[in-house]
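Take a look at the structure below.
The values are calculated or read from the model by the stated rules, or taken from the named source; none is laboratory data. Note that the structure is a prediction, hence the values are computed from the model and not measured. Backbone-built Cβ (ideal geometry, glycine too); neighbour counts: all protein chains shown.
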Amino acid sequence: MSPQVEKRTVDMQIIGEWVEPGAKVLDLGCGRGALLDYLVQTKDVSAVGVDLSFSRITACVTRGLSAYQGDMHAFMREFPDRHFDRVICSRTVQELDDPTAVILEALRVGRAVTVGFVNHGFWKNRVDALLRGRKVRNEVYTTEWFESRPANPLTIADFENFCAVKGIRVARRVHLSGNWRTPRVVLPNLLAGYALYDLTK
Amino acid sequence: MTDEIDTPPAPGPAATPRHLAPGEVGLVTPRDFVHPEPFRFSSGQTLPGFTLRYETYGTLGVTRDNAVLICHALSGDHHCAGHHTPEDRKPGWWNNLIGPGKAVDTNRFFVVCANVLGGCQGSTGPTSLDPATGRPYGVAFPFVTIHDMVHAQKLLLNHLGVASLHAVIGGSMGGMQALQFSISYPAFTRRVLAMATTSREGAQAIAFNEVGRQAIMQDRDWNNGDYPKGGGPRTGLAIARMMAHITYVSDASMDRKFGRRKKDGANGNGYTFGTQFEVEGYLRHQGQAFINRFDANSYLYITRALDHFDLAQAYGSLEAAFAAVQAETLVVGFTSDWLFPPEQNRTIAHALLRAGKRASYAELTTDLGHDSFLLESEELYNLVRGFLDRSDPPVFDFSI
């Protein structure tokens with residue numbers, strides 16, 4: 001497996017540990033359905049993913065998943081409070097137009113919300129920016145700025161601040177080092193490469 | 001659906017005949033299913049029996065569960081794939097989707113398509129003879145609903161020995177039938193593929209249907225539905241078709257096809273009401289082609305069936321309508337469809353998911369309007385193939 005694929009797998013495993021067996025799961029930005037496929041197979045969840053592209057929905061449907069093509073915020077508005085046991089926002093949050101609205105809506109339709117994101121405060125990203133003076137490019141962010149989707153790079157400190165300001169309860173948090181494997185408890189904003197949060201209202 | 005004027009030229013003597021080309025189901029023969037027992041319509045009216053004209057492609061497997069039912073739209077028929085004769089210039093209306101190795105693979109599936117009850121292509125409808133009078137039923141024919149159409153097709157499938165449906169597929173009115181099928185026969189239906197459709201005929205769609213009906217009924221030759229075979233309100237039916245045709249396409253696709261081009265020989269200054277623009281000639285052709293193959297009373301009955309279709313009203317709510325569904329459903333909307341716009345297709349997926357069912361929604365970007373579901377599109381084929389192929393539990397892989 002390439003390092004990139006390995007990193008994605010780690011992400012899946014931790015999210016999988018947080019998901020209750022048989023849960024009703026919504027994946028915002030489900031891509032080609034790899035995470036949901038994993039959760040269906042390991043946790044027997046009933047899953048639906050949301051994404052914007054026809055080809056990604058085709059990939060999900062071909063995998064046997066339920067998937068919905070369209071705007072995730074508009075989609076969530078169609079559901080009553082606490083319809084889902086868990087809403088997952090894995091490496092999507094940095095690309096949202098209105099992250100506050102989406103996360104609050106996810107907290108309405110879901111009993112719990114999992115958010116996973118790359119920590120742009122990780123020391124390597126800081127050093128990289130300092131020395132190269134260029135947009136971060138690494139095994140996860142492989143593209144030049146002009147070939148990338150618009151993004152709001154955020155840090156662990158940014159996200160902690162967001163939860164505090166919005167009064168969102170953090171039920172669990174996991175900060176992983178640069179290899180996305182070893183837990184990082186001390187100075188996570190500087191030493192962690194990846195962060196996962198389990199949020200409730 | 002539209003009648004296309006453009007058909008490729010007939011192949012030369014050396015070329016492979018069209019019906020024998022790879023991926024073709026070949027020559028097909030329609031058959032009639034005669035149901036000899038009384039049939040009760042949703043309206044409470046009954047017929048002593050009925051006939052459905054249908055075609056099948058592929059073979060029903062030993063477990064009798066590989067059947068795919070194709071449901072046609074308002075003006076469609078049972079001939080959805082293959083050719084009737086080697087000389088046929090046009091294959092069935094969904095030939096691009098159905099055939100050996102195609103998205104709906106007839107090597108794997110036993111495909112069934114029937115002309116709807118109330119239709120005029122061989123199934124019992126207003127042109128059929130009323131045994132009580134020996135004359136065509138006309139408007140004495142019972143009112144037909146989407147539910148009745150589906151009920152009759154279920155009887156056909158029973159007759160063919162089908163144990164369960166691998167899938168039921170349809171666009172537009174065919175999509176309504178597909179949804180209704182999974183509601184009426186939940187244990188019988190494993191997959192629903194509904195395209196360019198709605199769970200509720202809206203005011204705009206009813207309005208268009210009403211203009212079509214008025215064009216027919218205001219034609220003196222309609223004569224309260226009492227007219228000889230081959231006669232009837234030809235002008236009214238042609239106008240109804242011309243108007244309906246516009247709702248099946250789009251501003252962009254019409255402009256691309258015709259623009260403001262003038263007919264050859266059209267008067268240069270245009271100060272005449274004769275056919276000036278190519279689009280006018282095209283619509284007139286559509287109207288004329290239609291009256292040679294469609295019955296005006298059938299048009300009234302089937303558009304009324306569309307008008308009456310409202311699953312939320314019929315079952316209390318859309319979630320209640322879908323409560324019994326066991327199938328997994330794929331709804332496909334098309335961005336330029338303004339007859340049954342994407343939003344109405346999404347609504348179906350929302351309600352199914354709220355009801356806890358397995359449902360997906362995909363939206364194809366096209367500028368061809370409502371008839372986009374008939375589009376030749378590899379993207380659409382891949383989606384359909386992917387949806388139909390997922391019979392085994394998916395094998396986990398890590399590709400993202």
Query raised in the report: Quick one: is residue A:115 part of a helix (DSSP H, G or I), among the β-branched types (Val, Ile, Thr), at pLDDT 95 or above and under 30 Å from residue A:81 (Cα atoms)?
Result: no
Report task. Hey, could you check the range A:41-58 for residues that are within 8 Å of chain B (Cβ to nearest Cβ) and in a helix (DSSP H, G or I) and say which is surrounded by the most Cβ atoms within 10 Å (Cβ to Cβ)? Result -> A:57
Query raised in the report: Can you name every residue in the range B:243-286 that is under 25 Å from residue B:196 (Cα atoms) and among the small types (Gly, Ala, Ser)?
Result: B:244, B:250, B:252, B:253
Query - Test: residue in the range B:199-213 that is touching a strand residue (DSSP E or B) at 6+ places or on another chain (Cβ under 8 Å) and closer than 14 Å to residue B:329 by Cα - result: yes
Report task. Hey, can you tell me all the residues within the range A:65-74 that are crowded, with 17+ Cβ neighbours inside 10 Å and either of a type in the set (A, V, I, L, M) or modelled with pLDDT under 95 (or both)? Result -> A:65, A:67, A:72
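Hey, can you tell me all the residues within the range A:62-109 that are part of a loop (DSSP other than H, G, I, E, B) and at the interface with chain B (Cβ under 9 Å from one of its Cβ atoms)?
A:63, A:64, A:65, A:70, A:78, A:79, A:80, A:83
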Query raised in the report: Take the residues of the range B:127-154 that are surrounded by fewer than 16 Cβ atoms within 10 Å (Cβ to Cβ) and not in a strand (DSSP E or B): which is nearest to the chain's Cα centre (by Cα)?
Result: B:139
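So which residues in the range B:351-380 are of a type outside the set (A, V, I, L, M) and within 11 Å of another protein chain (Cβ to nearest Cβ), if there are any at all? Reasoning before the result, please.
Filtering the range B:351-380 for residues of a type outside the set (A, V, I, L, M) gives B:354, B:356-358, B:360-361, B:363, B:365-367, B:369-373, B:376-379.
Result: B:354, B:356, B:357, B:358, B:360, B:361, B:363, B:365, B:366, B:377, B:378, B:379.
Just checking, does the range A:104-115 include any residue being under 16 Å from the mean Cα position of the chain (by Cα) and over 21 Å from residue A:14 (Cβ atoms)?
Yes, the range A:104-115 contains at least one residue that is under 16 Å from the mean Cα position of the chain (by Cα) and over 21 Å from residue A:14 (Cβ atoms).
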Requested in this report: Evaluate the range A:75-92: report whether one residue or more is surrounded by 16 or more Cβ atoms within 10 Å (Cβ to Cβ), free of Cβ contacts under 8 Å to residues at least 60 places away in the same chain and within 19 Å of the chain's Cα centre (by Cα).
Outcome: yes
Query raised in the report: Across the range A:159-201, which residue is surrounded by the most Cβ atoms within 10 Å (Cβ to Cβ) among those that are of a type in the set (Gly, Ala, Ser) and not in a loop (DSSP other than H, G, I, E, B)?
Result: A:195
Requested in this report: Could you tell me whether any residue of the range B:336-350 is part of a strand (DSSP E or B), facing chain A (nearest Cβ under 9 Å) and buried (at least 22 other Cβ atoms within 10 Å of the Cβ)?
Outcome: no
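This table checks each residue for (1) touching a Leu at 6+ places or on another chain (Cβ under 9 Å); (2) modelled with pLDDT under 95.
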{"position": "A:81", "(1), (2)": "no, no"}
{"position": "A:102", "(1), (2)": "yes, no"}
{"position": "A:107", "(1), (2)": "yes, no"}
{"position": "A:135", "(1), (2)": "no, yes"}
{"position": "A:180", "(1), (2)": "no, yes"}
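Out of all the residues in the range B:307-315, is one or more crowded, with 22+ Cβ neighbours inside 10 Å, part of a helix (DSSP H, G or I) and out of contact with any Gly (no Cβ under 8 Å at 6 or more places or on another chain)? Give the derivation first.
First, pick out the residues of the range B:307-315 that are crowded, with 22+ Cβ neighbours inside 10 Å: B:309, B:311.
Okay, now just the ones that are also part of a helix (DSSP H, G or I), so B:311.
Pick out the ones that are also out of contact with any Gly (no Cβ under 8 Å at 6 or more places or on another chain) and you get B:311.
Taking every residue of the range B:307-315 in turn, at least one turns out to be crowded, with 22+ Cβ neighbours inside 10 Å, part of a helix (DSSP H, G or I) and out of contact with any Gly (no Cβ under 8 Å at 6 or more places or on another chain).
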Report summary line: Of the residues in the range B:113-126, those that are part of a loop (DSSP other than H, G, I, E, B) and crowded, with 22+ Cβ neighbours inside 10 Å come to B:115, B:116, B:117, B:118, B:119, B:120, B:123, B:124, B:125, B:126
Query raised in the report: Since residue A:56 meets every condition but one in (1) modelled with pLDDT of 95 or more; (2) basic (Lys, Arg); (3) more than 27 Å from residue B:348 (Cβ to Cβ), which condition does it not meet?
Result: (3)
Report summary line: Note on the range A:175-198: residues more than 16 Å from residue A:123 (Cα to Cα) and touching a Gly at 6+ places or on another chain (Cβ under 9 Å) are A:196, A:197
